[in-house]
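The values are calculated or read from the model by the stated rules, or taken from the named source; none is laboratory data. Bear in mind the structure is a predicted one, so any value in this text is a computation, not a measurement. A quick note on method: Cβ atoms are made from the backbone with ideal geometry, for glycine too, and the neighbour counts reach across all protein chains shown.
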Amino acid sequence: MSTAITLAEAKALDHADPLASLRDRFALPEGVIYLDGNSLGALPRTVASHLANVISTQWGEGLIRSWNTHDWIDLPARVGDRIARLIGAPAGTVVVADSTSVNLFKALAAALRLRPERRVILSQRGNFPTDAYIASGVASLFGCELRLVGAADIASSLTPDVAVLTLTEVNYRTGERHDMAALTSAAHAAGALAVWDLAHSAGAFPVDLTATGADFAVGCGYKYLNGGPGAPAFVYVAPSHLDGLRQPLTGWLGHAAPFAFADDYQPAAGIDAMRVGTPAILSMSALNAALDVFEGVDLAALKRKADRLFDLFTAELVAAAPELELVTPTDGARRGNQASYRFADGYAVMQALIARGIIGDFRGPDIMRFGFAPLYVRHADVWHAARHLADILSTGDWDRPEFKAKAKVV
Ligand SMILES: *Cc1c(COP(=O)(O)O)cnc(C)c1O
């Protein structure tokens, strides 16, 4: 934990930051401090021109020929290989497809099929809702049970009936990060498989799926990977499970020979078996262009910067707004790139911040989230954000009816 600093000192940290120039690769609006890249990543500048070219040249002129001439058909695997590099996975183990929710469904079902004699999916209470809902749907389809336990009870709940342990590495609400290697080892020692959700991990800090021994993983394209709203998600399958991989959404593009138009389904060899239907070429092209900003970027350096931003932000608030309760671990190894504060009127406080151009978000019942996407957030940004937050609290500026009206999307 560091101590509060001056704006000049924050600007000096930006000046000395070796990653500072990466911010220029994003089109960020003037007057906005964006601390919500953990929910929807900012727009990399090259995306618009790349997408315009895909639309006018590849689609407009190439028409259906582009499936071959621009290799649209293998775009899911090519973008998957680029993401693989960011999450410590070998080439040929990641494919981009569908949404995180759908990929989790496929991964959980594929994992259950590898442990047919066991009847339990184990997960954590307070996981992101879609993860619990999907796990519950898969469990009922397979006649299995979904068992939800608190974070402290996960390892001790790996009983011999557990087929699959499924967790999100970084908790969306608190920012707390599991020890993926230790929990995966514990699952394996108990004879279970481990399915990880990397929604708040991929592109945020180094992930090493190979070293942790994870069996399956899924994650979002639109958070720290900056692929745009509703960008397709990714799914990873460990090399040892690729052979004989069976998932239940047996669509034609997961077939061994889709263009043979055979009557019977034969799964593709390798990761292509996780594909379902026609890929969303436009949004996948946006994600593909967005990944350019990661070329040559060291994820460990990104995490070090995110940790500095976290320390700066939290130190300012310890000094200026001691009434706020930080729920995110202060140990950098135990959290993702966000700071979460519990405050009963957090929704209104966040709206007051947004009215000042400082964008974070709120997760009920009482959590304000501030994400530090280290590719484009500056030290001076978090300094200003902390000052405004403290000012809003001390003046009571948040206590206005217009800040309390709940929007449809929070
Ligand atoms: C954001 C997020 C998702 C999103 O799933 P979609 O299918 O893309 O809506 C899933 N899981 C976690 C843990 C998330 O944080």
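Below, the figures for the structure above:
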| quantity | calculated |
| --- | --- |
| Residue among Ala301, Ala286 that alone is outside any loop (DSSP other than H, G, I, E, B) and surrounded by 21 or more Cβ atoms within 10 Å (Cβ to Cβ) | Ala286 |
| Pair list, Cβ < 9 Å and 6+ apart or interchain, from the stretch 151-168 residues that are touching a residue at least 60 places away in the same chain (Cβ under 8 Å) and not assigned by TED's automatic domain parsing to the domain that holds Pro329 to residues that are within 15 Å of the ligand (Cβ to nearest atom) and part of a loop (DSSP other than H, G, I, E, B) | Thr166/Asn127 |
| Residue ranges of helices (runs of 4 or more DSSP H) in the stretch 31-133 with at least 3 members crowded, with 19+ Cβ neighbours inside 10 Å | 75-86, 100-114 |
| Residue match in the stretch 255-274 (condition: in contact with a Gly (Cβ under 7 Å, 6 or more places away or on another chain), part of a loop (DSSP other than H, G, I, E, B) and over 30 Å from Asp14 (Cα atoms)) | yes |
| Of all residues making up the stretch 181-197, the number that are closer than 16 Å to Phe128 by Cβ and either part of a helix (DSSP H, G or I) or not β-branched (Val, Ile, Thr) (or both) | 2 |
| Members of the stretch 143-174 that are over 14 Å from Arg125 (Cα atoms) and of a type in the set (S, T, N, Q) | Ser156, Thr159 |
| Test for Pro129: is it of a type outside the set (Ser, Thr, Tyr), assigned by TED's automatic domain parsing to the domain that holds Gly254 and within 12 Å of the ligand (Cβ to nearest atom) | yes |
| Criterion violated by Ala214 - all others in (1) free of Cβ contacts under 8 Å to residues at least 40 places away in the same chain; (2) farther than 16 Å from Arg85 by Cα satisfied | (2) |
| Condition met for Glu30 (among the acidic types (Asp, Glu) and over 29 Å from the mean Cα position of the chain (by Cα)) | no |
| Complete set of residues in the stretch 236-288 that are in contact (Cβ under 8 Å) with a residue 40 or more places away in the chain and aromatic (Phe, Trp, Tyr) | Tyr236 |
